[in-house]
1. Quick check: Cα centre of the range B:172-187 to Cα centre of the range A:144-170, how many Å?
2. Say R0 is 41 Å: what FRET efficiency, to the nearest 0.05, do B:A145 and B:V169 get from their beta-carbon distance?
3. What order do you get for B:Y51, A:Y49, A:Y186 when you list them from fewest to most C-beta neighbours inside 10 Å?
4. Please determine, in degrees from 0 to 90 and to the nearest 10, the orientation of helix A:55-77 with respect to the longest principal axis defined by the Cα atoms of chain A, where the helix direction is its Cα long axis.
5. Between A:A82 and A:M34, 0.36 nm times their residue separation minus their Cα-Cα distance comes to what?
6. What share of Cα pairs, in percent, lie more than 17 angstrom apart in the range B:63-186?
7. Run the numbers on the range B:1-53 and let me know its relative contact order in percent, using alpha-carbon pairs under 8 Å that are six or more apart.
8. Sum up the charges of everything whose Cβ sits under 14 Å from the Cβ of B:L70, counting Lys and Arg as +1 and Asp and Glu as -1, but leave B:L70 out.
Number of protein chains: 2
Amino acid sequence: MARTTGSDGEKTEATIREAAVNLIARFGYEAMSMRQLATEVGVQAAALYRYFPTKEGLLFTLMREHMEGLTDAWEAARPTSADPVRRLAAYVENHIAFHIERRHATHVSNMELRSLSPERLTQILRMRTAYEKELRAILRDGAEAGVFDIDDTGLTAMALIQMMTGVIVWFRPGERLSITEVTATYLSMTMRLVGAASSTAPRFLSGAQRTL
Amino acid sequence: MARTTGSDGEKTEATIREAAVNLIARFGYEAMSMRQLATEVGVQAAALYRYFPTKEGLLFTLMREHMEGLTDAWEAARPTSADPVRRLAAYVENHIAFHIERRHATHVSNMELRSLSPERLTQILRMRTAYEKELRAILRDGAEAGVFDIDDTGLTAMALIQMMTGVIVWFRPGERLSITEVTATYLSMTMRLVGAASSTAPRFLSGAQRTL
DNA sequence: GAATTAATTGAACGTTCGTTTTATTATTGT
DNA sequence: ACAATAATAAAACGAACGTTCAATTAATTC
């Protein structure tokens, strides 16, 4: 038995990607065996090596494409407006939507970094840093414009990203809250966290708060 | 060669614990081999089994003791005051201090849950839930007393914990910021996030904010 | 100082791992 | 129809894994 009827390289590769993301997210990269992945795909382990050179190569591909997807999503969602509040809102909305939509891929990208070779780790971290830099720029602009009240831009950016990405830990689609409700609440929390005037509190209070 | 001069069970066990936490935090539970751990300890792999029944048993012990440590630390730090602001401040301070102090153990407890058997996973999650429940109670009390302004108690608790625990991802001792500075900033962000009156603003403002 | 117990070694067990090689069959192009 | 190529199976590789067992030596007890 060799080539099976109806077999198609593109389909198989897509199936491998999907199955790999799910298995790695569930069991972890080290715990997932290539044979387990092959079984899930419905193929022999040797067939996987026609599409990915090594197990680590597969992991890297999954991560790189996830990061590219995140960057692309932000490029598309980035508002033309220069208003820091609007830009921050767009960032939060895009981040949460993307991470909920691709929970498993996000889990992989966040949890399995240590299984990458140093060079590949650097490459992924560079992409991540570039993405986070966008948030820091928004916070800095807002702080300079006096729209935000922020102690430490870098620290606030990290706190916000941890908070937002944390959604994937507990969020399950179809449970108590919808994506829309979750996003709205996180948006509100974010705006308060950065001391934005137009959060839940009346605008004129923030001025008083800052001057006092 | 058998028993070595100066060998001591208690010392060896402590060394194993310490080395295991560090190795698992660095490479991951699945990636760390018992032989690697033994080498780090300076002993043969077989010797490990005198102290821990299996590799998973070792992992579970590390996690359980970490969670017990966290709970105990909170018991000791919990203020007698009923004031939600004070209680929340104590929770944040204790959480951040504990997690920075035991970065590696926290990493293990957060990242390696999937390597536990179902029963043991349940046990650890129960401890974690109990700890998080304390935060929810503080938030609820504060919201009911009108001291906090919170949309969704459960969601806010999760956001806060993700934010606070995230410190261990980027914090490195001896870098730009000290633990004290980091804690102060996080405390300030927390108070704003929950809409506490006495965050960065003077205390007497809280009354105004609540009535408005 | 002999007997007992504690601590560890060294070798081995069976299993599973990622990966490679070779053969075989399905599909595609002519 | 026939060659060329794409896709897979089947089997095998050596290495590493968690774990066990018997032997051996250090420390302790009486």
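Read the figures in this text as sums done on the coordinates, not as results from a lab. The shown structure was predicted, so the numbers you read here are calculated from the model rather than taken from an experiment. No Cβ is skipped: glycine too gets one built from the backbone with ideal geometry, and neighbour counts run over all protein chains shown.
1. So the separation of the two Cα centres works out to 15 Å.
2. It comes to 0.80.
3. The order, fewest Cβ neighbours first, is A:Y49, B:Y51, A:Y186.
4. 40 degrees
5. Gain on stretching A:A82 to A:M34: 12.5 nm.
6. Of all Cα-Cα distances in the range B:63-186, 59 percent exceed 17 Å.
7. Once divided by the residue count of the range B:1-53, the mean separation gives 29 percent.
8. Here the charged neighbours net out to -1.
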